[in-house]
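A short write-up of the structure that comes next.
Coordinate-derived values only; no laboratory data. The shown structure was predicted, so the numbers you read here are calculated from the model rather than taken from an experiment. Cβ placement follows ideal geometry from the backbone for every residue including glycine, while neighbour counts extend to all protein chains displayed.
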Amino acid sequence: MIRLKLERVLDFTYLKEDAFKLIGFLEERERNLFEMLLGVKGVGVSLALSIMSTFDVEQLRKIVAENDYATLKRVPKLGEKKAQQVILDLKGKLKAIGNLFTQDENLFESFAIEDELNEALEALGYSQKEINSLVSKEEIRGFTSIEEAIKCVLKKVKY
């Protein structure tokens with residue numbers, strides 16, 4: 001007796017004048033990440049597939065979160081400038097794709113708080129260098145809300 005295991009396959013159809021490609025994914029988050037990689041300037045289907053073949057979703061989340069260009073450069077045909085572009089573009093979308101990258105809600109929340117805190121302090125006129133000197137990433141992970149984070153940082157500000 002032959003037993004078959006059926007898997008659900010999610011597809012992405014790439015259609016261009018001179019090409020038709022059908023790409024399959026086992027998880028929705030993989031397909032979503034692939035689509036986001038295609039949105040990065042200079043990244044096409046082949047490079048996006050190469051990135052996803054080199055790193056799984058969780059590894060890529062960590063690379064983006066840590067701005068680890070050196071590790072990302074291990075992807076064939078991905079140079080330093082394009083690796084930086086990938087990280088910058090994906091980091092900008094990190095809030096929106098937090099659940100895509102991780103199942104850990106606390107980690108997603110700390111990334112969201114960090115992004116919101118940076119935006120709020122930049123709106124108040126602080127540079128990224130000043131923000132980094134006021135609060136560390138470890139401190140940010142300890143905050144439970146954006147309000148708590150802003151209050152703590154503003155208490156540290158010397159007038």
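Structure summary
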quantity: Inter-label distance, nm, simple model (7 Å from Cα along the C-beta direction), E130/T144; calculated: 3.0 nm
quantity: FRET efficiency estimate (nearest 0.05) - Cβ-Cβ, T13 to E58, R0 25 angstrom; calculated: 0.45
quantity: Spacing of the two label points (7 Å from each Cα toward its C-beta) at K158 and I23, in nm; calculated: 5.1 nm
